[in-house]
Amino acid sequence: ITSTRLELALVDFAENIRVRRMIPLLHSEDPDEVLTEVCQITRERIDKLNIPISAILAFCIIVPSAVDTQTNTLFDSPRMPSWGGYQIDSMIRESFPYAVILLENEANALAFGEFCHAEQPDLKSLVYVNVATSINSGIILNGQIHRGANGRAGDIGQMHVDVLNTEGEVEDIISLESLASATSIAMEAQTAASSNIETSLVFHENGILTARDVGIAAAKGDAVAREIIERSGHLLGATLANIVNFLDPDLVLI
């Protein structure tokens, strides 16, 4: 479950994806409605494949929010309003009583997936950084997901970075996420496109810009887009340098 879409996959124990479907999703949708739709679509698909409910042995919900490991629920979060404390496992178990219900943070799941399929046989630790509408990371230490005492480990988007002025002096100190996330990149591009600066970004249809648009423009040589990407990359790199010095992982993935 992301802030924009619902992605469902039916996977067997040989890691073959039997069914995969993506559905647009509003950020503020009620958890009852979302999970009811998840169960309904899953039931329809397994019925078509003649798979009995008793064969669904695990049901994993991946969310862009921190998970309370004590209660197996989500913490209150602006990324998923109204989901805090909701009993997701109870809702799913009503339709799939034979399944183990797993709830995991998106960055942790991505990190563990990369760890399991890494080409380095001696890999023991890695940091996976997920840069999207927010910035967070999954941390693998000694082959295990590191969740922290309360399940909030890896939220690097809230780490502070220095904002410098043209003289190289510290002008402000704000969160990494507010400067280097996809949302902030798009907002900065929108500001540039609305000004008199010469850039191809002003020719975008409907006046709507995304981080992907900025990346495409930068790849084509647009100076303004490249400056936005480089500044965001520099801030992210400086943050990762501190993380590497602190954790000393085998691998960092962005």
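The values are calculated or read from the model by the stated rules, or taken from the named source; none is laboratory data. None of these values were measured; they are calculated from a predicted model. Methodologically, a virtual Cβ is constructed for each residue, glycine included, from the backbone with ideal geometry; neighbour enumeration extends over all protein chains shown. Just the protein is used for accessible areas: all its heavy atoms, side chains included, with ligands, DNA and RNA removed. Shrake-Rupley method; radii C 1.70, N 1.55, O 1.52, S 1.80 Å.
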Within the stretch 146-181, the count of residues that are more than 22 Å from L209 (Cβ to Cβ), surrounded by fewer than 18 Cβ atoms within 10 Å (Cβ to Cβ), free of Cβ contacts under 8 Å to residues at least 60 places away in the same chain and not acidic (D, E) comes to 11
Kindly list the number of the only condition in (1) of a type in the set (D, E, K, R); (2) open to solvent by less than 70 Å² (accessible area, probe 1.4 Å); (3) more than 13 Å from L103 (Cβ to Cβ) that fails for R5. (2)
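Are there strands (runs of 3 or more DSSP E) fully within the stretch 80-145 with at least 2 residues that are aliphatic (A, V, I, L, M) and open to solvent by 60 Å² or more (accessible area, probe 1.4 Å)? List them.
Because the criterion is at least 2 residues that are aliphatic (A, V, I, L, M) and open to solvent by 60 Å² or more (accessible area, probe 1.4 Å), the strands (runs of 3 or more DSSP E) in the stretch 80-145 that meet it are 100-105.
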Would you mind stating whether S184 is free of Cβ contacts under 8 Å to residues at least 12 places away in the same chain, out of contact with any Phe, Trp or Tyr (no Cβ under 6 Å at 6 or more places or on another chain) and either crowded, with 18+ Cβ neighbours inside 10 Å or of a type in the set (G, A, S) (or both)? no
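Please enumerate the residues belonging to the stretch 231-253 that are open to solvent by less than 30 Å² (accessible area, probe 1.4 Å) and assigned to a helix (DSSP H, G or I).
The answer is S232, L235, L236, T239, L240, I243.
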Take the residues of the stretch 218-230 that are without any contact (Cβ under 8 Å) to a residue 24 or more places away in the chain and in a helix (DSSP H, G or I): which is nearest to the chain's Cα centre (by Cα)? E230
Conditions (1) touching a helix residue (DSSP H, G or I) at 6+ places or on another chain (Cβ under 7 Å); (2) of a type in the set (S, T, N, Q); (3) more than 30 Å from D122 (Cβ to Cβ): number failed by T239: (3)
Residues (of a type in the set (D, E) and closer than 24 Å to V63 by Cα) located in the stretch 123-174: D155
Scope the stretch 33-67; condition in a strand (DSSP E or B) and open to solvent by less than 30 Å² (accessible area, probe 1.4 Å); matching residues: F59, I61, V63, V67
Among residues of the stretch 8-32 being loosely packed, with under 14 Cβ neighbours inside 10 Å and of a type in the set (D, E), the residue nearest to S134 (Cα to Cα) is D30
